[in-house]
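Inspection log for the structure reproduced underneath, given as structure tokens.
The values are calculated or read from the model by the stated rules, or taken from the named source; none is laboratory data. Note that the structure is a prediction, hence the values are computed from the model and not measured. Backbone-built Cβ (ideal geometry, glycine too); neighbour counts: all protein chains shown.
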Amino acid sequence: MIPSRSLSRALSRAVVTAALTGAMLAPAAAVTSFAAPASTARTVTAAAPAAGTVRIATVAASWPALRQGARGVDVSTAQDLLAAAGRPVSTDGVFGPATTRAVKDFQKSRRLTADGVVGARTWTALAVTLRPGGEGRAVRALQRQLVQEGHRLAVDGVFGAGTGSALRAAQRAHGVSADGVAGPRTWAALLAAPGTPAPGRPSGDVSALRKRIVATARGQVGVAEPSGCRTYLRDCARTAWCAAFVSWTWRKAGVPSAAVPKTLVARAVGLWGQRNGLFHRTHPKPGDIVVWGTPAARTGGHVGIVVAVHADGRIDTVDGNYGNKVALRKNIDPRTARTRSHLISGYVSPRGA
């Protein structure tokens, strides 16, 4: 008879061997990426004993593929992580020649293909695990991703209580264990290529869509429509364009045209939401449309895009036609704040949210 302890060790070795073999034999999956024509799916294989049996679970995590010419928050994140890994590069959100050189240098140091493209393998090598108390450029990278998801947070490179709270909220939203530690699964969820599922989430996950809505709205702050209009509405000489702006933002972020309100009346956006089962009076989320004024097919009221929800319930919004331009409004109290004499009546969520 084999001693129970020896049997346990033998079983453990068999499990590890099976897991490694499964990982090596698993075929690579191709997924569409927002940043490039295609990115590679990363496969993580884990073994978990349960009631005397062994289960091998495989989770595919999608990462954006960044290359020279790319721009945006994900590029800034990569630049911060490169700097944290000892390849100093400016964090300007522009993937230029200097960033390409830094990527190739880092890839060579990790014996990766030095193609200058930040794909799944390079992200995996860059994404260091971060815990409360950490400091530096890698923490800045994490904070940038959390801010882009709508959390109000200082990008100061210090992993304090605020960062921990925002991280746990993001982990819950993505279906990742809310342990407040940014490990590989959390990085993969935050950086998941728009339109592809985050690890552990069903294909219908809308967190990436909300992320794009917020980024799209924030990217328009300061834009003014000239008389006659050209950007959000063809003719706004006699028409307020706040409703046109929220519809434009949703469409630009990838919401199907059939699931976007087409009215130019602010309060009618709320009515459209009610008729489509998308209107709710409380619990706003980033990416929602906020409606000032009771839903009705009448003029008056106002609408904007929720871009942040604070712990105390206050919200930040990006509104079109506010002071005749797109404006960022901060720390709005949904219970008392009035816009054009109207209180907030509720919010309209993207379909499926």
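Restricted to the stretch 154-193, and to residues there that are charged (D, E, K, R) and touching a Gly at 6+ places or on another chain (Cβ under 9 Å), the residue that is surrounded by the most Cβ atoms within 10 Å (Cβ to Cβ) is Arg185. Filtering the stretch 76-105 to residues that are touching an Asp or Glu at 6+ places or on another chain (Cβ under 8 Å), crowded, with 19+ Cβ neighbours inside 10 Å and assigned to a helix (DSSP H, G or I) leaves Ser76, Gln79.
Counting only strands (runs of 3 or more DSSP E) that sit wholly inside the stretch 260-344, those with at least 3 residues that are surrounded by 21 or more Cβ atoms within 10 Å (Cβ to Cβ) are 289-292, 302-309, 315-319. Of the residues making up the stretch 153-168, those that are out of contact with any strand residue (DSSP E or B) (no Cβ under 7 Å at 6 or more places or on another chain), at pLDDT 85 or above and not basic (Lys, Arg) are Val155, Asp156, Gly160, Ala161, Gly162, Thr163, Gly164, Ser165, Ala166. Got a number for residues in the stretch 332-353 being under 22 Å from the mean Cα position of the chain (by Cα) and within 19 Å of Gly300 (Cα to Cα)? Final tally of qualifying residues: 2.
The C-beta contact set for the stretch 76-97 (first residue in contact (Cβ under 8 Å) with a residue 60 or more places away in the chain, second residue surrounded by fewer than 19 Cβ atoms within 10 Å (Cβ to Cβ) and among the β-branched types (Val, Ile, Thr), distance under 8 angstrom, 6+ apart or interchain) comprises Leu81/Val128.
Tally up the residues in the stretch 113-138 that are part of a loop (DSSP other than H, G, I, E, B), touching a residue at least 12 places away in the same chain (Cβ under 8 Å), within 21 Å of Arg71 (Cβ to Cβ) and not hydrophobic (A, V, I, L, M, F, W, C), please. Before you say what the answer is, go through the steps one by one.
Restricting attention to the stretch 113-138, the residues satisfying the condition of being part of a loop (DSSP other than H, G, I, E, B) are 113-117, 119, 127-129, 131-134, 136.
Next, only the ones that are touching a residue at least 12 places away in the same chain (Cβ under 8 Å) stay: 116-117, 119, 127-129, 131-134, 136.
Narrowing the set further to residues that are within 21 Å of Arg71 (Cβ to Cβ) leaves 116-117, 119, 127.
Applying the additional criterion that residues be not hydrophobic (A, V, I, L, M, F, W, C) yields 116, 119.
Residues in the stretch 113-138 being part of a loop (DSSP other than H, G, I, E, B), touching a residue at least 12 places away in the same chain (Cβ under 8 Å), within 21 Å of Arg71 (Cβ to Cβ) and not hydrophobic (A, V, I, L, M, F, W, C): 2 in total.
If you filter the stretch 231-251 down to residues that are crowded, with 17+ Cβ neighbours inside 10 Å and at pLDDT below 90, you find that the one that is farthest from Thr339 (Cα to Cα) is Thr231.
Within the set of pairs 6+ apart or on separate chains, which have a first residue in the stretch 98-112 that is in the same structural domain as Leu82 (by TED's automatic domain parsing), a second that is surrounded by fewer than 13 Cβ atoms within 10 Å (Cβ to Cβ), and C-beta atoms under 7 Å apart? Partner pairs satisfying both residue conditions: Gln107/Thr113. Taken over the stretch 148-175, the residue count meeting the criterion of being over 24 Å from Phe106 (Cβ atoms) and touching a residue at least 60 places away in the same chain (Cβ under 8 Å) is 5.
Collect the residues in the stretch 132-184 that are basic (Lys, Arg) and in contact with a helix residue (DSSP H, G or I) (Cβ under 9 Å, 6 or more places away or on another chain), keeping them in residue-number order. Answer for the stretch 132-184, where residues must be basic (Lys, Arg) and in contact with a helix residue (DSSP H, G or I) (Cβ under 9 Å, 6 or more places away or on another chain): Arg137, Arg140, Arg144, Arg152.
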